[in-house]
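Structure, as structure tokens:
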Amino acid sequence: MVTSSHNRPGSPSSPAGSTLPPEPRGPRNPTGRSVPPTPASLGLSFRQRVGIWIKKRGAGPYLLLLPATAVIAALILYPAVQIGLFSFQNYGLMQISGVLPTQWIGWANYSQILHDHEFWVSLKISLYFALVVVPLTMIVGTLVGLLLERLGPKMRTFVSMSAILAWATPAVSASVIFAWLVSPDGGVVDWALTKVPSWLGGGAHWAGFSWTNAPLPAYTVLTVMLVWTGFPFIAVTVLAGLRTLPSELHEAARVDGAGPWRDFWKVTFPLLRPIFLVLALLSTIWDFGMFTQAYIINGQLGNPDQYNLGLYEYAQAFTQPPHYGLASAAAFVLTIILLIVTVGYVRAAIKQGALA
Amino acid sequence: MTSVPLTGSTVPRGSGPDLRKRRARRFNRASRRTVLNLLGLLVALFALFPVLWMISTAFKPPTELYSLTPHPIPLHPTLANFRNVFSGSVIGRSYWNFLRNSLFVTIVAVALSSLIGLLAAIALGRFKFKFRTTYLILLLIVQLLPQQALVVSLFIDFRKYNLLDSLVGLIVVYTAFALPVTIWMLRNFAATVPKDLEEAAAIDGAGAWTRFWRILLPLISPGLVSTSVFAFIFAYNEFVFALTFLGTDTAKFTLPLYVEYFYGQNSTDWGAIMASSTLFTIPVLAFFLVTQRRLASGLVAGAVKG
């Protein structure tokens, strides 16, 4: 009874179980002579027999993975494949409502978006945005991480908790808050800029300045917002990395006459390089693929000049009339670009021991 | 262990230039600390300012919102904005309606993804099998696929299966998209439970089911708490799927969609917008502060390591 109760379907088997005497295979044990009769071989219930089968075949882990794999395959992998298929079809309003059948149209969707001026503008916006925001977030985050390491314990807790709150603020709230901060009527940013002396770029002309109606000001707001959201994660991670470094290294560098600048570039940075790489790649994926903040700050899908690649792709499908085929082609381009960065990220993460 | 009384410095006090040097050094150290603390306050101010400004705006009457000089603290604080949000004067539905939708979707999705994720995490953390590494790498990639791309295809499928304008549809999607991170983080917790414990219990005659309930689950449950916090925050904050699937039916809106819709419909009533945003945000932040110790370790383990 004890041995058989090890073998319930769907439950994890353990190495201890494998040291037990081999269980008879098959329901009736027809070759009874070769297996010494154990108490468990007599009067086995169906559940027990299934359990034995699972253990003999080593099927335990696969059964445990089955539900998760099914859900992920159905709701993430299958849609990803479907995007690829739709991108070669003329999927539109007529097709989704079933009036006309879908047809395979080869590369027509791709050639159409590649000849679309708005596509290139949106791609450029996404690229420039990532090129500005990723380094900026990394610099601010690293500086704050270095600062946190040098603060006393109470101050460190206070500052890192405040930073974590910025990170935890939902994207929708952050976007609505920043929209209010830069609002032309009553927004605090325009008010503050009118008080800044003119040699610093301030002045009365900032009164009532509208930040969200043109690409450059809108993406300036988004830059500040994404640095604000992104720096705490980098600061906290860098701090955790800094604490793994032995202090002798810094002392040795100081004895050799290195200032803080050289200490960072000659000691800290080379040792934490894998962490920086992982953080930079993750930030690139997040910032290049930004959607929610861009959607809200740019006033939903109203202004095509202000689309980044995510908004461009989304707008193809969800503005009237819908072009799901075009949207899929753009989504495929977006996904491929992000996949390339993701592969780099996965390699860096594995090198850092993510699979250990 | 006896404690050693901490006396002052054993170095004899010097005099003359030595003393002056020491004073200078002490002054330097004090001023360094002051500068660092000031920088720390500056960072905290940068991090907190938008959130504090949101809260303060939520308590301001209209006359103060558009005054020529904004004050950080409302001069005449009012609850009128919150009253508008609760009475539903804009969308015609109270905040409670959207909170209920959000909590329903989030709690069910978190429970489902924790359960399914736990099974997978046990497989990945406690078994050696052929495709283990491949599976882990696949999870890492899947987790970073852009949701605004997949939403096009999911929209078409959900339309076919009548899952649009339905909270059940959202639950299904949130469960799936919370899974990769849940599994990744839980796997580490499952792997750290010592095998000896299970073996000892097996020798004492505990079956697999007993070992799971009595040994594995209690030791993994701290991990289960932190992964569910992450899943909770993901589902509670999620916007793209909610926006796409709940397009027209305001009664079904979740909180993030409600806040965005409220802002889009009524983008001049900043007091009420900030009140709705405050009511949406503060629970997340409070939740974070309460669980932050677990999260900090989870952040490092789950995010940097994948």
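The values are calculated or read from the model by the stated rules, or taken from the named source; none is laboratory data. Remember, it's a predicted structure, so these values are computed and weren't measured experimentally. As a convention, Cβ positions derive from the backbone with ideal geometry for all residues, glycine included, and neighbour counts pool all protein chains shown.
Name the residue that is surrounded by the most Cβ atoms within 10 Å (Cβ to Cβ), counting only residues in segment A:319-341 that are facing chain B (nearest Cβ under 7 Å) and closer than 23 Å to A:LEU222 by Cα. First the steps, then the outcome.
Initial filter on segment A:319-341 (facing chain B (nearest Cβ under 7 Å)): A:324, A:327-328, A:331, A:334-335, A:338.
Adding the requirement that they be closer than 23 Å to A:LEU222 by Cα leaves A:331, A:334-335, A:338.
Numbers: A:ALA331: 31, A:LEU334: 26, A:THR335: 22, A:LEU338: 22.
Going through the qualifying residues, I end up with A:ALA331.
Can you work out which of the residues in segment A:237-255 that are in contact with a helix residue (DSSP H, G or I) (Cβ under 7 Å, 6 or more places away or on another chain) and of a type in the set (A, V, I, L, M) is farthest from the other protein chains (Cβ to nearest Cβ)?
It comes out as A:LEU249.
Taking only segment B:258-280 into account, find how many residues are facing chain A (nearest Cβ under 8 Å) and either over 19 Å from A:GLY187 (Cβ atoms) or in contact with a helix residue (DSSP H, G or I) (Cβ under 7 Å, 6 or more places away or on another chain) (or both).
Looking only at that region, the number is 8.
Where residues in segment B:146-187 are among the hydrophobic types (A, V, I, L, M, F, W, C) and in contact with a Gly (Cβ under 6 Å, 6 or more places away or on another chain), which of them is surrounded by the fewest Cβ atoms within 10 Å (Cβ to Cβ)?
Checking each candidate, the answer is B:LEU163.
Checking A:ASN308 against (1) touching a Ser or Thr at 6+ places or on another chain (Cβ under 7 Å); (2) surrounded by fewer than 22 Cβ atoms within 10 Å (Cβ to Cβ), which test does it fail?
(2)
Can you tell me which residues in segment A:276-301 are of a type in the set (Ser, Thr, Tyr) and more than 17 Å from A:LEU127 (Cβ to Cβ)?
Of everything in segment A:276-301, those that are of a type in the set (Ser, Thr, Tyr) and more than 17 Å from A:LEU127 (Cβ to Cβ) turn out to be A:THR292, A:TYR295.
Which residues, counting only those in segment B:122-134, are more than 7 Å from chain A (Cβ to nearest Cβ) and either within 15 Å of A:ALA354 (Cα to Cα) or in contact with a His (Cβ under 9 Å, 6 or more places away or on another chain) (or both)?
Once the filter is applied, which keeps residues that are more than 7 Å from chain A (Cβ to nearest Cβ) and either within 15 Å of A:ALA354 (Cα to Cα) or in contact with a His (Cβ under 9 Å, 6 or more places away or on another chain) (or both), segment B:122-134 yields B:LEU124, B:GLY125, B:ARG132, B:THR134.
If we keep just the residues of segment B:224-251 that are over 15 Å from the mean Cα position of the chain (by Cα) and of a type outside the set (A, V, I, L, M, F, W, C), which is surrounded by the most Cβ atoms within 10 Å (Cβ to Cβ)?
B:THR244
Does A:LEU143 satisfy the criteria of being surrounded by fewer than 20 Cβ atoms within 10 Å (Cβ to Cβ) and in a helix (DSSP H, G or I)?
So A:LEU143 passes the test.
With the checklist (1) modelled with pLDDT under 90; (2) surrounded by fewer than 15 Cβ atoms within 10 Å (Cβ to Cβ); (3) not basic (Lys, Arg) in hand, flag the one item B:LEU124 doesn't pass.
Only one criterion is unmet by B:LEU124, namely (2).
Any chance you could count how many residues in segment B:204-223 are within 18 Å of B:THR192 (Cβ to Cβ) and surrounded by 15 or more Cβ atoms within 10 Å (Cβ to Cβ)?
Qualifying residue count for the region: 7.
Output the residues belonging to segment A:42-62 that are assigned to a helix (DSSP H, G or I) and either surrounded by fewer than 16 Cβ atoms within 10 Å (Cβ to Cβ) or over 34 Å from the mean Cα position of the chain (by Cα) (or both).
So in segment A:42-62, the residues assigned to a helix (DSSP H, G or I) come out as A:46-57, A:60-62.
Passing the criteria: A:PHE46, A:ARG47, A:GLN48, A:ARG49, A:VAL50, A:GLY51, A:ILE52, A:TRP53, A:ILE54, A:LYS55, A:LYS56, A:ARG57.
Across segment B:30-46, which residue is surrounded by the most Cβ atoms within 10 Å (Cβ to Cβ) among those that are more than 7 Å from chain A (Cβ to nearest Cβ) and either farther than 30 Å from B:ALA275 by Cα or in contact with a strand residue (DSSP E or B) (Cβ under 9 Å, 6 or more places away or on another chain) (or both)?
The qualifying residue surrounded by the most Cβ atoms within 10 Å (Cβ to Cβ) is B:ARG33.
Those residues that are within 14 Å of B:VAL43 (Cα to Cα) and either crowded, with 24+ Cβ neighbours inside 10 Å or not assigned by TED's automatic domain parsing to the domain that holds A:PRO304 (or both), I need them from segment A:126-140; list them, please.
Scanning segment A:126-140 gives a single hit, A:THR137.
State whether one or more residues within segment B:145-153 are out of contact with any strand residue (DSSP E or B) (no Cβ under 9 Å at 6 or more places or on another chain), more than 7 Å from every other protein chain (Cβ to nearest Cβ) and within 20 Å of A:ALA354 (Cα to Cα).
no
Does any residue of segment A:102-125 turn out to be touching a residue at least 24 places away in the same chain (Cβ under 8 Å), crowded, with 16+ Cβ neighbours inside 10 Å, assigned to a helix (DSSP H, G or I) and under 20 Å from the mean Cα position of the chain (by Cα)?
yes
Any idea which of (1) in a loop (DSSP other than H, G, I, E, B); (2) in contact with an Asp or Glu (Cβ under 9 Å, 6 or more places away or on another chain) is the one B:ASN84 doesn't satisfy?
The single condition B:ASN84 does not satisfy is (1).
Within segment B:47-68, is there a residue that is surrounded by fewer than 16 Cβ atoms within 10 Å (Cβ to Cβ), part of a helix (DSSP H, G or I), at pLDDT below 95 and among the charged types (D, E, K, R)?
No: segment B:47-68 contains no residue that is surrounded by fewer than 16 Cβ atoms within 10 Å (Cβ to Cβ), part of a helix (DSSP H, G or I), at pLDDT below 95 and among the charged types (D, E, K, R).
Can you tell me which of (1) more than 8 Å from chain A (Cβ to nearest Cβ); (2) touching a Ser or Thr at 6+ places or on another chain (Cβ under 8 Å); (3) under 30 Å from B:ARG187 (Cβ atoms); (4) at pLDDT 90 or above is the one B:PHE241 doesn't meet?
(2)
Which one of these does A:THR268 not meet: (1) in contact (Cβ under 8 Å) with a residue 24 or more places away in the chain; (2) under 29 Å from A:ALA171 (Cα atoms); (3) away from every other protein chain (no Cβ under 11 Å); (4) of a type outside the set (A, V, I, L, M)?
Here A:THR268 clears every test but (2).
Just to confirm my filter: which helices (runs of 4 or more DSSP H) fall fully inside segment B:119-232 and include at least 2 residues that are in contact (Cβ under 8 Å) with a residue 12 or more places away in the chain? Please lay out each step first, then the result.
On the way: elements: B:132-142, B:147-160, B:167-192, B:195-203, B:208-211.
Output list reads B:132-142, B:147-160, B:167-192, B:195-203.
Do you know which residues across segment A:245-261 are within 17 Å of A:ARG150 (Cα to Cα) and surrounded by fewer than 17 Cβ atoms within 10 Å (Cβ to Cβ)?
The answer is A:LEU245, A:PRO246, A:SER247, A:GLU248, A:LEU249, A:GLU251, A:ARG254, A:GLY259, A:PRO260, A:TRP261.
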